[in-house]
Amino acid sequence: MSEKVYSRNEEDWYDLCETMDALEEDYEKGDIVEIQEGESKAFKHDEFIDADRIIEIVQDAAYDEIGEWQQDYLEDLANNKEKMIALNKLLLDFITSNAEAPRCFKVVNVKEIKVTVGE
């Protein structure tokens, strides 16, 4: 679920009341000011879980330890689409069951709007 959020600088996002209160400190009542409006979207674990990257990290670690002798290490797994999907699901299920998602949000669908200070 997303909520509308507002910003004066596209970095700090607040609800409309907080944004309008801040505008009243810097502008006169009746001034028309352009701000940004967006939708907050919570982060989810699946945005960060990538079995391909995990396999690559393991392969790189093996290369650092073994050198070129490991060149085929985990390639059979990395090239098997069904197994990689299963690994991704396993990782996602485990992390979802054992850790909270990030408590912050990203802002999407940003657009410029005009507001009247004091209204």
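Every number here is computed from the coordinates shown, using simple stated rules; none is lab data. Keep in mind the model is a prediction, meaning the values are calculated, not measured. Methodologically, a virtual Cβ is constructed for each residue, glycine included, from the backbone with ideal geometry; neighbour enumeration extends over all protein chains shown.
Okay, here's what the table says:
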{"item": "Per DSSP, loop chymotrypsin sites (Phe, Trp or Tyr not before Pro) in the stretch 40-115 with at most 16 further Cβ within 10 Å", "result": "43, 48, 73"}
{"item": "Using a Förster distance of 30 Å, the FRET efficiency for residue 3-residue 85 (Cβ separation, nearest 0.05)", "result": "0.35"}
{"item": "Label of the coordinate-derived value, Rg/Rh (Cα atoms, Kirkwood Rh), listed as [x] 1.03; [y] 1.28; [z] 0.95", "result": "[y]"}
{"item": "Label-point separation, residue 54 to residue 96 (7 Å along Cα→Cβ), nm", "result": "1.4 nm"}
{"item": "GluC sites (Glu not before Pro) restricted to DSSP loop in the stretch 1-55 with at most 14 other C-beta within 10 Å", "result": "3, 10, 11, 28"}
{"item": "Sequence-separation-based contact order of the chain, relative, with Cα cut under 8 Å and 6+ spacing, percent", "result": "43 percent"}
{"item": "Loop-resident sites, the stretch 1-107, for trypsin sites (Lys or Arg not before Pro), counting at most 14 other Cβ within 10 Å (DSSP)", "result": "29, 44, 103"}
{"item": "Crossing angle, helix 81-98 versus the chain [Cα axis fit, 0-90 degrees, rounded to tens]", "result": "60 degrees"}
